[in-house]
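Reading through the structure tokens given below for one structure.
The values are calculated or read from the model by the stated rules, or taken from the named source; none is laboratory data. For clarity, every value in this text was computed on a predicted model and none was experimentally measured. Glycine also receives a Cβ, built like all others from the backbone with ideal geometry; neighbour counts cover every protein chain displayed.
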Amino acid sequence: MPTHATFRTLQATWLENALRQYAALSEPGPGVSRLAYTRLERQAHELFAGQLAELGIASYTDAAGNTIGELPPNAEPRPGAIGTGSHLDSVPHGGAYDGVVGVVGALAVATAAGAHDRPRHHPWRFVAFAAEEGARFGQACNGSRIVAGLTGAADLHQLTDSTGTTIAAAMAECGLAPHDAEAARWDARDWSAFVELHIEQGTVLQDRRVPIGLVDTVSGSTRLRVSLTGVASHTGGTPMDGRHDALATAAECVLGCERLALAAAEVNTRITVGSLTVEPGAITIIPGRVVFTVDVRETDHGRQRTATDAVSGHCRAVAGRRGVDIEIEELADTPPVDLSSEVRSAAGDAAAGLGLDAVVIPSGASHDTQQISRLTEAGIVFVPSHGGLSHSPDEFSTAEQIADGTAVLLETMYRLDARR
Ligand code: GLV
Ligand code: MN
Ligand code: MN
């Protein structure tokens with residue numbers, strides 16, 4: 001095996017090139033736009049399958065759109081795969097690193113493992129998950145939820161994107177098989193461990209100048225769609241008193257959400273209104289209807305539910321006072337998950353063996369591994385995010401930081417392979 005320093009230098013150039021190839025698969029405009037279950041997401045999966053094929057690794061894309069390749073053992077076989085990977089979809093105008101770092105990390109591991117005779121007793125699997133981002137349909141991690149048995153074929157007809165397209169319809173348009181989602185389920189007995197490489201999407205590693213994060217808990221996320229229906233009318237003719245302005249109501253609701261989260265700042269509750277539409281949306285009409293989304297993130301499910309109830313209660317009270325009708329739908333409620341201490345310890349040992357400092361941190365963002373942890377021992381390794389920015393065109397990690405993460409990923413896989 002090459003030394004870490006050699007691996008790092010070789011990897012940095014290769015990683016930059018691989019990241020560029022995926023970033024090129026984007027809608028026009030700032031950053032990367034490669035939404036879940038679109039032609040571009042499928043092209044990214046084809047690119048991944050092609051790159052695996054170049055390494056002599058056969059892969060398939062399942063009914064849910066996840067692409068999975070396997071490197072067989074080169075030593076006395078033991079049951080249960082050791083897996084790694086992440087997702088290839090993005091938010092609108094997101095960055096080039098979220099998800100893709102874990103996929104190119106998987107490819108780097110496949111390249112290194114395939115090229116050396118260090119023993120691997122377990123099958124090693126390389127996975128690009130479909131539709132991780134909740135940006136299009138509200139629910140995050142669709143591909144990994146399906147393999148974990150948390151989402152079934154019937155559920156795919158429930159949620160729609162902003163144009164009214166259901167998840168099932170979007171999948172079918174991409175040539176996938178939503179009716180056959182159950183066929184994509186993984187059997188827990190077929191797995192031994194899973195580890196995902198991801199950018200931190202926060203500032204802890206940068207602030208502490210530590211290259212590696214070992215995730216203990218992944219925050220949960222409850223997502224609401226709030227629809228306010230007031231009375232649209234003439235902005236000049238209608239007196240200020242007695243109006244039922246849906247946007248003024250929404251404004252109070254949004255600031256209330258922020259206040260609730262700030263009041264719970266010591267426990268890191270995060271509440272965000274990330275999208276809001278106004279109808280009819282004209283300078284001379286009092287807004288008659290507003291629809292906005294709320295995303296409640298917490299590392300404790302009890303606090304997550306309490307915060308969600310507080311948001312609903314606040315919005316209902318504001319709407320009631322202003323005589324505006326309110327409907328609140330819960331689009332998703334994913335609880336926080338504690339990840340495997342065994343995988344975390346293997347990753348910690350791997351980092352120490354490479355001379356890299358590591359720190360244990362929670363994840364504020366959702367991840368596919370959160371779902372996979374229902375099936376097998378699962379962990380996440382973070383690399384620093386410049387300025388903590390993510391879901392933004394300015395998302396950035398250096399190739400050297402990613403190469404460090406990739407080296408830890410590879411070494412974690414070998415350690416898990418030997419220990420399990
Ligand atoms: C996934 O990126 C999330 O929204 O946490
Ligand atoms: Mn991600
Ligand atoms: Mn993301």
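For the reader, a short list of remarks on this structure follows.
- Filtering region 272-310 to residues that are touching a Gly at 6+ places or on another chain (Cβ under 7 Å) and part of a helix (DSSP H, G or I) leaves His301, Gln304.
- Where a residue in region 396-418 is more than 19 Å from Ala5 (Cβ to Cβ) and its partner, wherever it lies, is polar (S, T, N, Q) and surrounded by fewer than 24 Cβ atoms within 10 Å (Cβ to Cβ), with Cβ under 8 Å and at least six apart: Leu416/Ser192
- Taking the numbered list (1) buried (at least 24 other Cβ atoms within 10 Å of the Cβ); (2) outside any strand (DSSP E or B); (3) of a type outside the set (Asp, Glu); (4) within 16 Å of ligand 3 (Cβ to nearest atom) in turn, Met413 passes all entries but (4).
- Filtered by the rule that a residue be away from ligand 3 (no atom under 16 Å from the Cβ) and either outside any loop (DSSP other than H, G, I, E, B) or surrounded by fewer than 17 Cβ atoms within 10 Å (Cβ to Cβ) (or both), region 132-148 gives Ile146, Val147.
- Test for Pro73: is it farther than 30 Å from Ala140 by Cα, away from ligand 2 (no atom under 16 Å from the Cβ) and touching a strand residue (DSSP E or B) at 6+ places or on another chain (Cβ under 9 Å): yes
- Single condition Asp357 does not satisfy, out of (1) under 19 Å from the mean Cα position of the chain (by Cα); (2) surrounded by fewer than 23 Cβ atoms within 10 Å (Cβ to Cβ): (1)
- Of all residues in region 94-116, exactly one satisfies the criterion of being more than 20 Å from Gln21 (Cβ to Cβ) and either touching a strand residue (DSSP E or B) at 6+ places or on another chain (Cβ under 9 Å) or within 16 Å of ligand 2 (Cβ to nearest atom) (or both), namely Ala113.
- Of all residues in region 38-79, those being in a loop (DSSP other than H, G, I, E, B) and within 16 Å of ligand 3 (Cβ to nearest atom) number 1.
- None of Ala49, Ala53, Ala58, Ala5 is modelled with pLDDT under 95 and of a type in the set (Gly, Ala, Ser) except Ala5.
- Residue list for region 338-390, restricted to those being farther than 12 Å from Leu409 by Cα, among the β-branched types (Val, Ile, Thr) and touching a His at 6+ places or on another chain (Cβ under 9 Å): Thr369
- Condition met for Ser219 (within 24 Å of Ala108 (Cβ to Cβ), within 16 Å of ligand 3 (Cβ to nearest atom) and among the hydroxyl-bearing types (Ser, Thr, Tyr)): no
- Boolean, Thr369 is β-branched (Val, Ile, Thr), within 14 Å of ligand 3 (Cβ to nearest atom), crowded, with 17+ Cβ neighbours inside 10 Å and closer than 24 Å to Val210 by Cβ: yes
- Qualifying position, being within 16 Å of ligand 1 (Cβ to nearest atom), assigned to a loop (DSSP other than H, G, I, E, B) and at pLDDT 95 or above, among Gly202, Gly237: Gly202
- Taken as a whole, region 97-111 holds at least one residue that is within 12 Å of ligand 1 (Cβ to nearest atom) and hydroxyl-bearing (Ser, Thr, Tyr).
- Tally, over region 80-93, of residues that are more than 9 Å from ligand 2 (Cβ to nearest atom), in a strand (DSSP E or B) and among the small types (Gly, Ala, Ser): 3
- Residues considered: Gly50, Gly69, Gly56, Gly83. Of these, the only one that is at positive phi and of a type outside the set (Phe, Trp, Tyr) is Gly56.
- Considering region 311-399, the qualifying strands (runs of 3 or more DSSP E), each wholly inside and each with 2 or more residues that are at pLDDT below 95 and within 16 Å of ligand 1 (Cβ to nearest atom), run over 325-334.
- The residues in region 117-143 that are charged (D, E, K, R), within 14 Å of ligand 2 (Cβ to nearest atom) and touching a strand residue (DSSP E or B) at 6+ places or on another chain (Cβ under 6 Å) can be counted, and the count is 1.
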